[in-house]
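The values are calculated or read from the model by the stated rules, or taken from the named source; none is laboratory data. Note that the structure is predicted; figures quoted are calculated from it, not measured. Using ideal geometry, Cβ is built from the backbone for each residue, glycine included, and neighbour counts are taken over all protein chains shown. To get the accessible areas, we keep the full protein, side chains included, count just its heavy atoms, and leave off ligands, DNA and RNA. Shrake-Rupley method; radii C 1.70, N 1.55, O 1.52, S 1.80 Å.
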Amino acid sequence: MNALQKDLTRLVSRIEAGDRARVDADTRRLRFHLMPPTGWLNDPNGLCWYKGNYHVFYQYGPFDPNGGVKFWGHWTSPDLLHWTQQPAALCPDQTWDIHGVYSGSALVEADALYLYYTGNVKHPGENYDYVNSGRGHNVALAISSDGIHMDDNRLLLENKDYPDGLSCHVRDPKVWKQDGRYYMVLGARTVDSRGEVLVYESEDRLHWTHCNTITTPETFGYMWECPDLFCVDGQMILSLSPQGIKREGNRYQNVYSCGYFPLYGDFRGEYTLGEYAESDVGFDYYAPQTFEAPDGRRIVIGWMGMPDADYTNPTAQENGWQHCMSVPRELHWDGERLRAVPVRELDDLHTNGRTLTFDGTAQCPLAQGADIRIANRGASLHVMIGDAAAIEYGSGLLTLTLSETSGSGRTQRVAEVKTLTDLRILADTSSLELFLNNGEQVMTTRYYPQRADTVRFGGQGDAEIFDMNAMEMTYLEK
Ligand code: FRU
């Protein structure tokens, strides 16, 4: 660690420690979701299992709840339930990342953890648009033997190394090992504003060669952020967060999209992309990243936020922090689409389970955190969470409506679902995650309820309701 790194790390810990009392008294802190100790959080980064722990790194703005210069924050856990805050893993302290240590991923090898990240550089000047000029987006590598402290940090690729025809926006390396070689995908925007994914390969993890470019026959958005290419249940999936997709009826309702293409053929050569599907149709889900758990499960975590949205989170102004992660979700390919369901570890947080059968209306008290599982038997279904959120299903549509106070600018989102057989709702103090038909569709949103102490049902069905204990979070000492 050099002197600047030491000072920055110390400064961040001091700010976090100074905010501890405020954090402890804050009723909007979530019970079973990861949040920043203070300041801002966006994308999950470097998700992996290394030396007996899950590692969740994340885009972290410790100085500013509205963003600021990005670091990599870091949580570890042996079981996805007991979390320990670790010192900020990467600081903007190199010439190639001086304006932000942007998103990236982890590669686990026997001897070390390799963190590939984007170094963001903004050149000073007035005549730059920072898209086609004035910005450096570098691929850099930090290596750690204990998974906590970085032993080495080096620059691997800069803009001049990327193929011709690209803007300055080339970022978010996702790296994996396959068939004895290493592969990397990078999100890119071309000079004529078309989203693409660059595929690189390497034999030694350090020297990378461009071997393919993946895109759609017709332009699909101007920038593809946070690509991830992985195989689940025998199907290759290209997950991405494309920007510039216009709303079409009930599709693409958010400012930016987040979804996936099934990929057929060879990502290194001839390939075709299947139909694009949205990963989530709520207000707040973006930049998800997957990794393989030690038991082989493909797990995804997404940022419960949306860049450049016109709705807000009152915690930024009032509590000094903003955003959280989704719960970890297990992914499966069912032959037609991806399904995402909360990892089974979360069931260990259940307490006070009760069941209820309704034919007409029924209601039940709700704790601060809850897992509500509904088997629907009617043609329509209504669920009200306190006075804050209404979920209504009928005629092939499921509508989530937030009240004016709870939505903080969020109003309504609609999912098209022919038949609703089951609905699971994970409700935390300031978030809702809805899983439709065993994760066939997901709706994720932040909300800020004034009252969420009852759940009311209308229709015909059976409900199982659990209170959720809080996960254990151990923060760094001063
Ligand atoms: C996605 C993103 C990434 C970038 C990071 C910067 O939310 O814009 O493309 O690396 O956030 O924080």
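General remarks:
- Of the strands (runs of 3 or more DSSP E) that lie entirely inside segment 430-477, those containing 1 or more residues that are surrounded by 22 or more Cβ atoms within 10 Å (Cβ to Cβ) span 431-436, 441-446, 454-468.
- Within segment 285-308, considering residues that are within 10 Å of the ligand (Cβ to nearest atom) and touching a residue at least 60 places away in the same chain (Cβ under 8 Å), the one nearest to the chain's Cα centre (by Cα): 303
- Looking across 120, 138, 66, one residue alone is within 16 Å of the ligand (Cβ to nearest atom), modelled with pLDDT of 95 or more and surrounded by fewer than 15 Cβ atoms within 10 Å (Cβ to Cβ). It is 66.
- Residues in segment 239-255 that are within 16 Å of the ligand (Cβ to nearest atom) and in contact with a Phe, Trp or Tyr (Cβ under 8 Å, 6 or more places away or on another chain): 239, 240, 241, 242, 243, 244, 245, 254.
- Of the strands (runs of 3 or more DSSP E) lying entirely inside segment 188-251, those containing at least 3 residues that are at negative phi, buried (at least 22 other Cβ atoms within 10 Å of the Cβ) and at pLDDT 95 or above are 195-202, 223-232, 235-243.
- Of the candidates 45, 66, the single residue that is in contact with a Phe, Trp or Tyr (Cβ under 7 Å, 6 or more places away or on another chain) and farther than 29 Å from residue 343 by Cα is 66.
- Pick from segment 323-351, criterion part of a strand (DSSP E or B) and touching an Asp or Glu at 6+ places or on another chain (Cβ under 6 Å), ranking: most open to solvent (accessible area, probe 1.4 Å): 332
- For first residues located in segment 222-236 and touching a residue at least 24 places away in the same chain (Cβ under 8 Å) and of a type in the set (Ser, Thr, Tyr), partners that are within 16 Å of the ligand (Cβ to nearest atom) and open to solvent by 30 Å² or more (accessible area, probe 1.4 Å) and lie 6+ apart or on another chain with Cβ distances below 6 Å form the pairs 222/189; 222/193; 222/244.
Every residue, every condition in (1) open to solvent by less than 60 Å² (accessible area, probe 1.4 Å); (2) in the same structural domain as residue 431 (by TED's automatic domain parsing), yes or no:
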{"site": "297", "(1), (2)": "yes, no"}
{"site": "321", "(1), (2)": "yes, no"}
{"site": "364", "(1), (2)": "yes, yes"}
{"site": "370", "(1), (2)": "yes, yes"}
{"site": "374", "(1), (2)": "yes, yes"}
{"site": "377", "(1), (2)": "no, yes"}
